[in-house]
2 protein chains.
Amino acid sequence: MGRWEPGAGSRLREAALALYLERGFEQTTVADIAERAGVTARTFFRHFADKREVLFDGAAALEERSVAALEAVPAAASALDAVVAALNVTAEMIGSDRDLARKRQAVIMANAELRERELIKFASMSVTLADRLRARGVGDLDASLAAEIGVAAFRVAFEQWAGATGDGELRDAIHTSLAALRTLTAAD
Amino acid sequence: MGRWEPGAGSRLREAALALYLERGFEQTTVADIAERAGVTARTFFRHFADKREVLFDGAAALEERSVAALEAVPAAASALDAVVAALNVTAEMIGSDRDLARKRQAVIMANAELRERELIKFASMSVTLADRLRARGVGDLDASLAAEIGVAAFRVAFEQWAGATGDGELRDAIHTSLAALRTLTAAD
DNA sequence: ACAGTGATGTCACTTGATGACATGGGATCC
DNA sequence: GGATCCCATGTCATCAAGTGACATCACTGT
């Protein structure tokens, strides 16, 4: 491959994010992105399944690592605790680059299609975690619920964190969210 | 309008559901639906924002009535209890026609785009309920969380109910789901 | 040098979605 | 009753997303 030039994949990713920020997601066509990246539109689709996926193709890696984290939790831990451990790892990965997270989140929140896709990614993580819990012997319903509410708590915390102007840690936001969750369900 | 003929809206809805069941969602084009309903494709888009929305345009009414149910809950009730009351009303509406629910669910589960859209509808309900909780004086975080976990419990129960071959009541499934949720968060 | 492999370009096409404009029939008002 | 208005729809044109088929060119290893 001769001298090193950034692959078309990363050039496309950068071009897309820049355009989404400059003029908005809907106002950006695949042709625009491809042009800025110096390739054809056809090539764009060889790297990304669709226009949205550019912003989400990191999710797979995220999921992978949080699953690994879940596996590392002692079997004695409760289902919810195991999920929380996995999500804390996720939080560390995301939380390490707050500026990028904010930019990305701004683009996503400005568009319905992207908000949908983001929810899907969270849901996908929830399903994956639930599966792993089942593999550990957790019951069907409990596995689904533990994963769902863990991810819900994470998501609420994340949204607050990514939107807030302050500079608290994502990890702390999650902790607060989980504590609130316990109080809510305990109160009867 | 002369004698009564079903409006184009309902004809389109029926045509679409039939085709989605017969040959699948992706294999059905808007042109197909329009033809079966006796209108042009352009008219389809005057009734539905997109091909998916045909299956989801009842969601608004559902949301409306569950909000009304939430408003009817005494202010003294806990946030989660209020959400549960709202969801029980939703359950009654959905649960009244299990056959339709199953057909619809079969179509939705067979397609990724439709699963996405369904999650969005649930998310939308969650946001709406959270807003109403805030209007009642519930704190920001608590409102989001109560709505999220209530809806999550509902969704898990609903999916199990709509997929199961047995004939339990949706209401019971929700109750079971909520009980499990409380146990999960209590265990510490 | 040669065959193979992979990434890209080119072309053609289907489908989803939307804007602009025409029209026909029912409802409304005088 | 007839002029008029409005709404639903049809018609036409167009753009953008996405995909399949095939050609090309650079680089790889032998």
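Numbers at a glance
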| read-out | value |
| --- | --- |
| Lys/Arg +1, Asp/Glu -1 at C-beta; chain A dipole; positive extreme among A:GLN105, A:ALA75, A:TRP161 | A:GLN105 |
| Value in Å of the Kirkwood radius, where the stretch B:76-188 supplies the Cα pairs that are averaged | 14.8 |
| Reciprocal mean inverse distance between Cα atoms of the protein assembly as shown - Kirkwood radius, Å | 22.6 |
| Translational diffusion coefficient (Stokes-Einstein; Kirkwood radius from C-alpha pairs) of the stretch B:1-131 at 4 °C, 1.567 mPa s, in µm²/s | 79 |
| C-alpha center-to-center spacing [the stretch B:1-66, the stretch A:21-78] in angstrom | 32 |
| Student exercise, the stretch A:1-144 dipole from Lys, Arg, Asp, Glu Cβ charges, in Debye to nearest 20 | 360 |
| Proximal charge balance of B:ASN88 [Cβ under 15 Å; K/R count +1, D/E count -1] | -3 |
| Contact order relative to length of the stretch B:8-49, as percent, for alpha carbon pairs under 8 angstrom and 6 or more apart | 39 |
| Length-normalised contact order for the stretch A:49-188 - Cα pairs under 8 Å, 6+ apart - percent | 26 |
| Sum of side-chain charges, B:ALA15 neighbourhood, beta-carbon under 11 Å (Lys, Arg +1; Asp, Glu -1) | -1 |
| Helix-derived mean residue ellipticity, 222 nm - over chain A, DSSP H n ≥ 4, -39500 (n - 2.57), to 500 | -24500 deg cm²/dmol |
| The stretch B:147-153 - phi-based ³J(HN,Hα) in whole Hz, Karplus 6.51/-1.76/1.60, Gly and Pro as x | 5, 4, 6, x, 5, 4, 4 |
| Most fluctuating residue given options A:THR43, A:THR28, A:THR165, as computed from a GNM of chain A linking Cα atoms under 10 Å | A:THR165 |
| Likely footprinting exposure, A:ARG42, B:ARG136, fewest C-beta neighbours within 10 Å first | A:ARG42, B:ARG136 |
| Selection from A:VAL84, A:THR29, A:ALA179, by position along the positive dipole direction of chain A (Cβ) | A:THR29 |
| Longest site-free stretch - chain A; sites: GluC sites (Glu not before Pro), DSSP loop, at most 16 other Cβ within 10 Å | A:27-168 |
| Other protein chain Cβ atoms within 10 Å, averaged over every residue that makes up B:150-161 | 3 |
| Karplus-derived 3J(HN,Hα), 6.51/-1.76/1.60, for each residue of the stretch B:17-30, Hz, glycine and proline x | 4, 4, 5, 4, 6, 5, 10, x, 5, 5, 7, 9, 9, 4 |
| Per-copy distances of the B:ALA41 label point, shortest first, in nm (7 angstrom along Cα→Cβ) | 1.6 |
| Averaged over A:172-185, number of beta-carbon atoms from partner chains that fall within 10 Å | 4 |
| Stokes-Einstein D in µm²/s, Kirkwood radius over Cα pairs - the stretch A:8-49 at 37 °C with 0.692 mPa s viscosity | 336 |
| Most fluctuating residue given options B:ALA130, B:ALA152, B:ALA68, as computed from a GNM of chain B linking Cα atoms under 10 Å | B:ALA68 |
| Within a Gaussian network of chain B (alpha carbon springs, distance under 10 Å), most fluctuating of B:GLY166, B:GLY95, B:GLY24 | B:GLY166 |
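No lab work stands behind these numbers, since they all come straight from the coordinates. For clarity, every value in this text was computed on a predicted model and none was experimentally measured. Cβ coordinates were reconstructed from backbone atoms using ideal geometry, including for glycine residues, and neighbour counts include every protein chain displayed.
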